[in-house]
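Student: The structure under discussion is supplied below as structure tokens; questions concerning it will follow.
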Amino acid sequence: MRIKYAKRNDFSWLKENEVHISEDVLNRKIKNKEIYIIEENSIIIGWLRYNYFWDNIPFLNMIYILDEHRGKGYGRKLIEYWEIEMKIKGYSNVLTSTLSNEEAQHFYKRLGYNDIGGFKLFEEPYEIIFYKKL
């Protein structure tokens with residue numbers, strides 16, 4: 001298993017699999033080193049994408065592990081790697097969110113994240129905001 005920043009040569013794979021952002025945003029995220037990929041045997045099996053809430057708190061926007069690789073600890077390893085990187089960069093807190101009808105909320109709680117509020121957007125289920133002190 002290897003975790004690294006996404007590079008330009010990962011663009012095509014990410015473009016096919018990361019359907020939530022535009023090509024322009026994907027390019028910018030790769031350039032700004034805001035996407036990590038996780039590989040097993042040199043094959044990409046998932047990614048983590050983040051930005052900054054209020055321009056100064058790392059906010060995990062997306063973590064995705066391909067279906068056939070779920071339940072093997074890859075998501076946990078990817079988030080732990082990101083948290084260490086954020087701490088090295090001088091951040092003491094991180095945020096993320098998930099819909100209240102998603103199982104991810106339990107995953108984040110197991111990793112030490114605490115819910116601190118949320119909001120309801122349009123017809124979507126309630127979005128829960130999670131916080132963790134590094």
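Student: Mind listing the phi-derived Karplus ³J(HN,Hα) values for segment 105-121, rounded to whole Hz, using 6.51, -1.76 and 1.60 with θ = phi - 60°, and x for any glycine or proline?
Tutor: 4, 6, 4, 5, 5, 4, 8, x, 7, 10, 6, 10, x, x, 7, 10, 10
Student: Now a separate question. Based on the Kirkwood radius over alpha-carbon pairs, what value in µm²/s does the Stokes-Einstein equation return for the translational diffusion coefficient of the chain at 37 °C and 0.692 mPa s? Numbers along the way, then the final one.
Tutor: On the way: Rh = 15.4 Å.
Estimated via Stokes-Einstein, D reaches 213 µm²/s.
Student: Placing unit charges on C-beta atoms (Lys and Arg positive, Asp and Glu negative, everything else neutral), compute the dipole magnitude of the chain about its Cα centre in debye, rounded to 20.
Tutor: Dipole size: approximately 660 debye.
Student: Measure out, as a whole number of angstrom, how far apart the alpha-carbon centroids of segment 86-111 and segment 37-55 sit.
Tutor: Each part's Cα centre sits 14 Å from the other's.
Student: May I pose another question? Skipping prolines and chain starts, which residues have an amide H placed within reach, meaning under 5 Å, of the one on E34, given they are 5 or more residues away or on another chain?
Tutor: Result for E34 returns nothing.
Student: Counting GluC sites (Glu not before Pro) as exposed when in a DSSP loop with at most 10 other beta carbons within 10 Å, what is the longest stretch of the chain free of them?
Tutor: The answer is 1-102.
Student: Quick one: which residues, 5 or more positions from R70 or on another chain, have an amide H under 5 Å from its amide H? H modelled 1.01 Å from N in the peptide plane, none for Pro or chain starts.
Tutor: When sequence neighbours closer than 5 places are left aside, there are no close amide H contacts.
The numbers here are math on the coordinates, done by the rules we state, and not lab data. Everything numeric here is computed off the predicted structure, so don't read it as measured data. Reconstructed Cβ throughout: ideal geometry from the backbone, glycine too, with neighbour counts over all protein chains shown.
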